[in-house]
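Note sheet for the following structure.
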Amino acid sequence: GLLSTVDGARGPAIGYLAVFGLGFGLVTQVLIVAIQNAVSRQEIGTATASVNLFRAIGGSLGVAIYGAVFAAGLRHWLPRHVSGPVSGVDARGIQASPSHLHALPIEVQHGIAASVADALHTVFLTATPIAAVGFLVVLFLRERPLRGASSPQRSAEPAGATAE
């Protein structure tokens, strides 16, 4: 939500990214510990692998979905910020080879930057309600006390007995 309010100033963007990174980094490990605590000891490996699998799938889907939202936003905003026909300045051309942008006139570069900023604004606005739903889901998870250290396996034989 905070990232959707950035208007091009680097200071707030850096601060908001730091808040996001700190929050995401702290939550990631807590969720893994909570999942490992919720399953039996024999299933900890499977649960951890499942978390990593679904996180990877979610990341891939997120990149695809938000990439499509960004591309659509760029197609929408680019003609509004860059006036007149400029060769190679379209959503596909900018994303395919951004290296030629430095050769363009400065006002075209600023128009492209404004288009990218507006497209990112749309991406962050789209992501905010989804993040809010995730927050609500986590809020309503049932709390379980952490398990203590595992006790050593006891032998089935009484103390002092010897096997022959």
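The values are calculated or read from the model by the stated rules, or taken from the named source; none is laboratory data. Everything numeric here is computed off the predicted structure, so don't read it as measured data. Ligands, DNA and RNA are stripped out before the accessible areas are found, and what is left, the full protein with its side chains, is counted by its heavy atoms. Shrake-Rupley method; radii C 1.70, N 1.55, O 1.52, S 1.80 Å.
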Using only protein heavy atoms and a 1.4 Å probe, report how much of PHE70 is accessible, in Å² to the nearest 10. 40
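Figure the gain on full extension for THR48 and GLU143 (residue separation times 0.36 nm, minus the Cα-Cα span) and round it to one decimal in nm.
Values: separation 95, 0.36 × 95 = 34.20 nm, distance 1.86 nm.
Full extension of this stretch gives 32.3 nm more.
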If you roll a 1.4 angstrom probe over the protein chains with everything in place, what fraction of the accessible area of the range 11-61 belongs to carbon and sulfur, to the nearest %? 76
With DNA, RNA and ligands ignored, accessible area of LEU3 (1.4 Å probe; Å², nearest 10): 30
proj_area_mean for the range 10-150 (convex hull on C-alpha atoms), units nm², value 11.4
